[in-house]
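What follows is a short report on a single structure.
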Amino acid sequence: MTLKVTRPGLYTTVQDLGRFGHQSEGFSPAGAMDYRALMLANQLLGNEENAPGIEMTFKGATFEVVKDTVVATAGADMKMKIDDDHHPAGVPVHVAKGSTIEFGAAENGSRTYLVVPGGFKVETVLGSASTHVRSGIGGYKGRPFQVGDLLHAGAAGSATPYRIKDFDDGDGMVRVIPGQQFDRFDDDMKQQFFSASYALTKDCDRMGFRLDGPELVATPGHDVLSEPTQLGSIQVPKGGRPIVLLNDRQTAGGYARIGTVAHVDIPKLVQKQPGDMVKFIEITVEEASTLHRDEMERIRNGGYLEINNAFRSHGRPVARKVARIMKR
Amino acid sequence: MEIRQFAENALTIYLGDEIDERINRQLVALRHRIDEMEIEGIGEVVLSYTSLIIYFDIFKTDVDALKAAVDQIDETALLEAEVSYRVIEIPVCYGGEYGPDIDSFEENGLSADEVVELHANKEYLVYMLGFMPGFPYLGGLDERLHKARLETPRVRIPPGSVGIGGKQTGMYPFESPGGWHLLGRTPVPLFDENREETILYEAGDRIIYRPIDASEYKEIASRIEAGDYEIQFEVKGGS
């Protein structure tokens, strides 16, 4: 046993990169909403990119360290505190038995990922550790964390000498591939969709983000025969407010789809908070594919990492002292 | 045949624009053809009423080659292809506490017995799965059983419930809210993560509901518990 949940946070689950190969049976892929953040956190510990991590949403959890280990975080900054010391996001840190790791409210994003060496050990369902709460499968007992849950690291391990570079994903520009029912929207509607700003409403969760903005009307109607959904499908039901379908989406949907969010911009979108504005930019599927390939290569080839000059170790007096001296 | 792409890693093939058994047969045959082609990087193929989606690995699959290969498939030949399917028998205890809405069909001039008569012992085609894991979109419901959904949806429908919503019949593998009229319940788990076939059927298969009484329901439930119940199915079609 490695970590014990002492406060579960708002919505905390175990996620890997998703459960694929079973959408034809109706299983949502689930998986880390910000796939890039999970991959980067895993890189900091030398894990496989798909190793299961913890996804925290808006407000983080608190853990008691039951066994010495090393942790890494990525994604939104939840002001991680180990005992009373603040630690920046994106930097691996050793934690000693008896310490408390505390996460607060998310800043510069909404989702934070926490990983341990080898990933968190949970039973896989249909080949994935991802939690899908609606069907109660995967992750930790198929549900969000509760007080007292006990988590195990998959392996003993140590940190790499890297940290995640600062990068700015703050703009609200989200690139979109024209969707299945793009032509149900006339030219004025298309122009509006690609020029107006849409706001994230409070109804934004792992299933999808409901947006608010100028009404989008599909003159031939908004209902279509149910068709498989994709990550980032933007469906427009009657009423004209778009919904972006995300990881826990239903695998089939029957509303007109104006577009699909390009994979490369999913991490940026899912880190937005309710009230944030987004603007959609049209790109072709060929452009989106090139961007996606380039981005995956950038992630995998260390494009987001830099050498960590101030490797931190918590709970080791000497290292702590060194860290304090370096801070001055 | 219309080949379109709406996502980096997926190709959509449309074979029509309405719910039609013939289109389903073509799609099932097309899925087999794609499986046989053994194109590198193909992940999974997902069927819906009028189309199928091929998911692929953007680092392994040449999408233009995939498009060209699919484009060469003869649509009419798909209709003639002999494709086997399974008929899966689902035992259902109609009425009573399991089917609290069966009597409401009296509004439509049907007694509970007549509802069972019209609903059970006939093959329903599984067009696709979705909404929740293992939820089948079935075709073939008798028109006399069409019934608008409940005005106030139930907060909780128990897993295994069999019901009717509008022109569709189907069943709930998981507990869920919903506005369907509940006719009965099956003791057979429609999702079982420890079973070799987690979900019992796929698009193109057929479902047949066999009426059982409350004591058979309990008997089957305890046999399932003990692990000595075998789900009945028959393979049809093909050559």
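The values are calculated or read from the model by the stated rules, or taken from the named source; none is laboratory data. What you see is a predicted model, and the numbers here were worked out from it, not measured in a lab. A quick note on method: Cβ atoms are made from the backbone with ideal geometry, for glycine too, and the neighbour counts reach across all protein chains shown.
Structural remarks
- Residues that are on the phi > 0 side of the Ramachandran plot and touching a residue at least 12 places away in the same chain (Cβ under 8 Å) do not occur anywhere in segment A:183-206.
- Scanning segment B:167-205 for residues that are among the polar types (S, T, N, Q), in contact with a strand residue (DSSP E or B) (Cβ under 6 Å, 6 or more places away or on another chain) and part of a loop (DSSP other than H, G, I, E, B) turns up just one, B:Thr186.
- Single residue of segment B:197-212 satisfying the filter (within 14 Å of chain A (Cβ to nearest Cβ) and at pLDDT 95 or above) that is surrounded by the fewest Cβ atoms within 10 Å (Cβ to Cβ): B:Glu202
- Among the residues of segment B:7-32, the ones that are within 21 Å of the chain's Cα centre (by Cα) and not in a strand (DSSP E or B) come to 18 in all.
- All positions within segment A:158-185 that are closer than 25 Å to A:Val71 by Cβ and surrounded by 17 or more Cβ atoms within 10 Å (Cβ to Cβ): A:Ala159, A:Thr160, A:Tyr162, A:Arg163, A:Ile164
- Filter pass, B:Phe174 being free of Cβ contacts under 8 Å to residues at least 40 places away in the same chain, aromatic (Phe, Trp, Tyr) and under 21 Å from A:Arg19 (Cα atoms): no
- When residues in segment A:241-288 are screened for being part of a strand (DSSP E or B) and facing chain B (nearest Cβ under 10 Å), 7 of them pass.
- Applying the criterion of at least 2 residues that are modelled with pLDDT under 95 and touching a Lys or Arg at 6+ places or on another chain (Cβ under 9 Å) to the strands (runs of 3 or more DSSP E) found wholly in segment A:180-240 leaves A:223-228.
- Residues in segment B:123-173 that are of a type in the set (Val, Ile, Thr) and buried (at least 17 other Cβ atoms within 10 Å of the Cβ): B:Val126, B:Ile157, B:Val162, B:Ile164, B:Thr169.
- Selection of segment B:42-98 for residues being surrounded by 13 or more Cβ atoms within 10 Å (Cβ to Cβ), basic (Lys, Arg) and outside any strand (DSSP E or B) yields only B:Lys67.
- For segment A:217-254, the set of residues classified as more than 25 Å from the chain's Cα centre (by Cα) and buried (at least 23 other Cβ atoms within 10 Å of the Cβ) consists of A:Ala218, A:Glu227, listed by residue number.
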